Amino acid sequence: MPLPPEPLSAPRAPLAIAVFARAPVAGATKTRLIPRLGADGAARLQEQLIERALTRATAVVGAAVSLWVAGDVAHPFVADAARRHGVALYAQQGLDLGERMAHAFAALLHDAERAVLIGTDCPAMTVDDLHDAAAALDINDVVVQPALDGGYVLIALGAPQPQLFAGIAWGSALVLEQTMARAAELGLTVGRARPLPDLDTPEDHAHALAQGWIDAVLSRP
């Protein structure tokens, strides 16, 4: 009697999108905007940015979207947002942003052929930016979308590259420059998408409002 066939391993998803976010805790998020919005207002802006990033990511047809949280992963807004958008929810793991991104990419690329990681601080980003970054991995090892402040708002990989995230001065204006240098050391080809502004400062906030990328934060009833 013939043996039953061995079960086939689950196919890898074509694309994973990770949204990296800080939990919207008043006084611990968007701190540079607290003088403009107040601690509660800055937290409500963070909620709006998370919501918009998830809406954008889940609009990419066929993508497996996940939300990776720094801070309280059980925060009521975070849990509700993940449920409403139908995305997996994880805690970021690592001592700095580089370790946390490297860990997320290792997990994402175990189950997907390519992965795109974005933050929540770029409301100017579009669904087309996500599509274009994923497609650019056809001819590049790494794709980055530069931020105007010297960092980047998106990074995409087709294979884990933990060394790409080591030794970077996170939070500085040197992030993109150092990342490009590290990619060159590793022999990785890099594609660059159009640069976009972050939303960190009062000036950034005023510009985003004027462009219609965000809504004004309203007082709670």
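Nothing in this text is a laboratory measurement; each read-out follows from the coordinates by a stated rule. Not measured: the values here are computed from a predicted model. Counting neighbours? That spans all protein chains shown, and the Cβs are built from the backbone with ideal geometry, glycine included.
Taking the Cα centre of the chain as origin, sum charge times position over the Cβ atoms of Lys and Arg (+1) and Asp and Glu (-1), and report the length of that vector in debye to the nearest 20.
Values: 16 positive and 24 negative charges, 79 e Å.
The calculated dipole for the chain is roughly 380 debye.
Nearest 5 percent is fine: what portion of the DSSP beta bridges confined to the chain is antiparallel?
Working: 9 of 29 bridges.
Here the antiparallel bridges make up roughly 30 percent for the chain.
Output ³J(HN,Hα) for segment 149-160: one whole-Hz value per residue in order, computed from phi by the Karplus curve 6.51 cos²θ - 1.76 cosθ + 1.60 with θ = phi - 60°, and x for Gly and Pro.
So the J values, rounded to whole Hz, are 8, x, x, 8, 9, 8, 9, 10, 9, x, 7, x.
Just how far, in whole angstrom, is segment 71-102 from segment 161-221 if you go by their alpha carbon centroids?
19 Å
Which value in deg cm²/dmol, rounded to the nearest 500, describes the helix-derived mean residue ellipticity at 222 nm for the chain, given -39,500 (n - 2.57) per DSSP H run of n ≥ 4 and division by the residue count? Don't jump to the answer; show the numbers that get you there.
Working: 6 runs with 81 residues, N = 221.
It comes out at -11500 deg cm²/dmol, rounded to the nearest 500.
Hey, can you grab everything whose amide H is under 5 Å from the amide H of Leu154? Only 5+ residues off in sequence or another chain; H modelled, so Pro and N-termini drop out.
Under 5 Å from the amide H of Leu154: Gln145.
Could you list Ile17, Ile118 in order of exposure, starting from the residue whose Cβ has the fewest other Cβ atoms within 10 Å?
On the way: Ile17 28, Ile118 24.
Exposure proxy ranking, most exposed first: Ile118, Ile17.
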